[in-house]
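Heads up, the thing below is written out as structure tokens.
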Amino acid sequence: MGWAHVMAEGRHSYEKIVKELRAAILGGEELPPGAWLPSEKQLQDRYGVARNTVQRAMNDLVGEGLVAVEPKKGAYVRSYDRQARPVRLNMVNWEFGARVTVELVTTPVQLQAQEPDATGVFRRRVVGRSIGDTYWCRSVTNAVPGLTSPTPLEEADVLLLADAGVPAVEGTAETIARMPTPEESALLDILPGTPVLEQAVMLTSGERILGMRVEVYPGDRYKLVYGLPTLDFPASDDGE
């Protein structure tokens, strides 16, 4: 048996395991959420393959977000219970009782594009069930020095800005789905194969750039909820 034939057979076996387990998981009856998958040894015996072939199949299922692995116990079917997170809440930042860290960091690319002279900004980070980073331009932190302190704010940051004479804060939100960084995975205790939702809100006051708020949510725990406006269609010629 030549090397090419062995490789083809291994690939076929690996794909067969993934395909059949995926179907059983998505079907929801044979392998419902929370159910334990057969052990590596059982899968080896069932498909007549080596251990590394089974592990490769498991890695694929983990990467698809279908399976999670618990050391010394095995693999089980992941379940998802996503809570709604209204987008409008991201305009106001409340820190009561939160764990806050503040650091002078390099200006994020999105903010640098809007404010080329912002060579360094203060980042306020709040970590809980999500990661909330607010990057304030120096002109803002000069006006509101309390934003550079790691002490949780006693009132919403936008109210502090109003007290300092900064008019109403507006924002434009952009949301993307991506894979987490190693730091985000550790902070949020994310299982392998879990994407995150990132919402970036540019904070402005008129034409003035104040900063940017970036919130990162685990994709297996949250869903963002948007309200869509009613569409008004012009009346047809026959009045219908």
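The values are calculated or read from the model by the stated rules, or taken from the named source; none is laboratory data. These numbers were taken from a predicted model, which means no experiment stands behind them. Glycine gets a Cβ as well: all are built from the backbone with ideal geometry, and neighbour counts include every protein chain shown. The accessibility values were calculated without ligands, DNA or RNA, using every heavy atom of the protein model including side chains. Shrake-Rupley method; radii C 1.70, N 1.55, O 1.52, S 1.80 Å.
Some notes on this structure:
- Count of segment 116-150 residues which are in a loop (DSSP other than H, G, I, E, B), open to solvent by 30 Å² or more (accessible area, probe 1.4 Å) and within 28 Å of Arg221 (Cβ to Cβ): 3
- Tally, over segment 163-181, of residues that are modelled with pLDDT of 85 or more, under 20 Å from Val216 (Cα atoms) and not in a loop (DSSP other than H, G, I, E, B): 5
- Verdict on Val67 being surrounded by 13 or more Cβ atoms within 10 Å (Cβ to Cβ) and at pLDDT 75 or above: yes
- Checking the stated criteria, Leu160 turns out not to satisfy the condition of being in contact with an Asp or Glu (Cβ under 8 Å, 6 or more places away or on another chain), assigned to a helix (DSSP H, G or I), aliphatic (A, V, I, L, M) and open to solvent by less than 50 Å² (accessible area, probe 1.4 Å).
- Filter result (crowded, with 16+ Cβ neighbours inside 10 Å, of a type in the set (Val, Ile, Thr) and without any contact (Cβ under 8 Å) to a residue 24 or more places away in the chain) within segment 175-225: Val196
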